[in-house]
């Protein structure tokens, strides 16, 4: 009984996440995710940069040997790609945000997880675009994960939202196309 109940529970949860929602419900999901995500990104950048720039040594170790806050201004895209190509990066960001909003606004009965992901995309794109427009073309990064002398490139909340959105869309794409059989339908 527990195996059947577990399958049914997982199936219902998956059904909720991948279920289709109405246009009004999609707006109730998208806009709060977008606004809260953008606000969280801009607020954390401002807070950390203000705090660390007032310190003698502009970094703060949270977990020694693993995680610290740092001040990094990235002149490129991910991992510094296209460094000092501010205008093309701004144009790509504008095109990307138009595409995200178009997909969101033109979708008929989209999946909830897709709407959530689009909200994350919009917030992440706009957060980094804001920096490019109002921080001399540089994106403020402050999260630094590392092991000994090996550092993952510093990133911010906007980058995290973009990564989560891509991950969710990949998972949905891979796993939502299961055909219905007797074994995977809750009774």
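Could we say that residue 108 is within 29 Å of residue 173 (Cβ to Cβ) and touching a residue at least 12 places away in the same chain (Cβ under 8 Å) here?
Against the criterion (within 29 Å of residue 173 (Cβ to Cβ) and touching a residue at least 12 places away in the same chain (Cβ under 8 Å)), residue 108 qualifies.
Look at residue 81 and say whether it is modelled with pLDDT under 95, under 30 Å from residue 151 (Cβ atoms) and within 20 Å of the chain's Cα centre (by Cα).
yes
Let me spell it out: the conditions are (1) under 24 Å from residue 125 (Cβ atoms); (2) in a helix (DSSP H, G or I), and residue 51 meets all of them except one. Which number is the exception?
(1)
At pLDDT 95 or above, in contact with a helix residue (DSSP H, G or I) (Cβ under 8 Å, 6 or more places away or on another chain) and part of a helix (DSSP H, G or I): is that true of residue 38 in this structure?
yes
Restricting the search to the stretch 147-169, which residues are surrounded by 16 or more Cβ atoms within 10 Å (Cβ to Cβ), touching a residue at least 60 places away in the same chain (Cβ under 8 Å) and more than 14 Å from residue 36 (Cα to Cα)?
Selection gives 154, 156, 159.
Could you please let me know if residue 47 is modelled with pLDDT of 95 or more and under 21 Å from residue 147 (Cβ atoms)?
In short, no.
Check the stretch 78-97 and report whether any residue there is within 23 Å of residue 24 (Cβ to Cβ) and touching a helix residue (DSSP H, G or I) at 6+ places or on another chain (Cβ under 9 Å).
yes
The values are calculated or read from the model by the stated rules, or taken from the named source; none is laboratory data. All values derive from a computational prediction rather than experimental measurement. Please note: Cβ atoms are built from the backbone with ideal geometry, for glycine as well, and neighbour counts cover all protein chains shown.
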